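Below is one structure, written out as structure tokens; the observations come after it.
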Ligand SMILES: [Zn+2]
């Protein structure tokens, strides 16, 4: 009788241990994102109009006689763009601030003033098993996109930056610059050349090049129209199929180049193509409300002023062929957009994005 009691007690203990073990295993295996008590972080679409100041936007709005996608925005801010040692930033220090939260010297690609590597939003997201992607109209190795995946002392080290891309785990990259990758002996990422061939790509990691030999997408006025919005739509379709959190970086790279050329038609046409891309992104946001969209610029280019002529019509006046130090606007849409109102440093973009992403 006593023996039987002992056996019963042992069985009961064993049951309790087994149940506790099963509960523990179940709790540990449960993905955090699916836990009803935790809120799923939003997908992030970060859009940079390189060199896109308020005058550039105003000029495009006046030209189009339409307030463009910017008019749909309810949460706006301004960022101060200077680099660590220069009132006027370049694209490398500007994108380093966005991607890492650190001000650095002009020319640097996500490295600090001592050359140490600064962890980037993409790298942090990849560690959390997020998907990452970028779509640009420059070379994939150009300063702005490079700051999200590479670490170099100079933005002009295109081959080293391309090598860094191979070592990154960025899933999808669309833009130009195939010659840089062709120069690498170990270039083994699946790729497609020409937009019409991007549809055939179904690997977890691939690159899409505008063509075989360019280091930039043709400007809108010279045949490149629609490449950015179409590529963005394709990547968004692909990312949504995967049912995983993602960060997508998009750059309208050549708004800046029009500014350097003091060519208002170049600026307007690139900005309107970028605007179409924002429309594509906002259409995605409408169907996927758990998405944060932030549109901004790394700096203004051209010191553009909008004056009038004798017929009272707008006339653009550029005051420099370089960048200027004026603050640039931030437009935020979707989940957590209200966090982006105010006046703050460009490094705050990193802080606000990483907080939204739960990194
Ligand atoms: Zn720039």
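None of the figures in this text is laboratory data; all of them are computed from the coordinates on show. In this text, all values refer to a predicted model and were calculated from it rather than measured experimentally. Heads up, the Cβs are rebuilt from the backbone with ideal geometry, glycines too, and the neighbour counts pull from every protein chain shown.
How large is the helix-only mean residue ellipticity at 222 nm for the chain, computed as the sum of -39500 (n - 2.57) over DSSP H runs with n ≥ 4, divided by its residue count, in deg cm²/dmol to the nearest 500?
-11500 deg cm²/dmol, from helical runs alone.
Just to be sure I understand: of the beta bridges DSSP finds with both ends in region 77-228, what percent are antiparallel, rounded to 5?
Within region 77-228, antiparallel bridges account for around 15 percent of the total.
Would you mind ranking 355, 287, 178, 230 by Cβ crowding within 10 Å, fewest neighbours first?
Result, fewest neighbours first: 287, 355, 230, 178.
Which three extents, in angstrom, do the Cα atoms of the chain have along their principal axes, listed largest first?
Computed over the Cα atoms, the extents are 111, 47, 43 Å.
With angles folded into 0 to 90 degrees, how steeply does helix 91-100 sit against the dominant principal axis of the chain? Use alpha carbons for both and round to 10.
20 degrees
Rounded to the nearest Å, what's the spacing between the alpha carbon centres of region 79-127 and region 51-71? Just the number, please.
27 Å
Quick one: Cα centre-to-centre distance for region 344-359 and region 317-335, in angstrom?
Each part reduced to its Cα centre gives a spacing of 19 Å.
Arrange 46, 209 by Cβ neighbour counts within 10 Å, fewest through most, would you?
46, 209
Label 7 Å along Cα→Cβ of residue 322; region 273-301 residues with amide nitrogen under 18 Å?
Backbone N within reach: 298-301.
For a quick check: sort 348, 310 by the number of other beta carbons within 10 angstrom, fewest at the front.
310, 348
Can you give me the angle between helix 158-167 and the longest principal axis of the chain, using Cα atoms only, in degrees from 0 to 90, rounded to the nearest 10?
20 degrees
No solvent, one uniform scatterer per C-alpha: report log10 I(q)/I(0) for region 224-359 via the Debye equation at q = 0.16, 0.21 1/Å, two decimals.
For region 224-359 at q = 0.16, 0.21 Å⁻¹, log10 I(q)/I(0) is -0.96, -1.32.
Per residue and in Å³, how big is the convex hull formed by the alpha-carbon atoms of region 134-218?
81 Å³
What angle, in degrees between 0 and 90 and rounded to the nearest 10, separates the Cα long axis of helix 54-64 from the longest principal axis of the Cα atoms of the chain?
Roughly 70 degrees, rounded to the nearest 10.
Only bridges whose two residues both fall in the chain count here: according to DSSP, what percent of them are antiparallel, nearest 5?
Of all bridge pairs located within the chain, approximately 35 percent are antiparallel.
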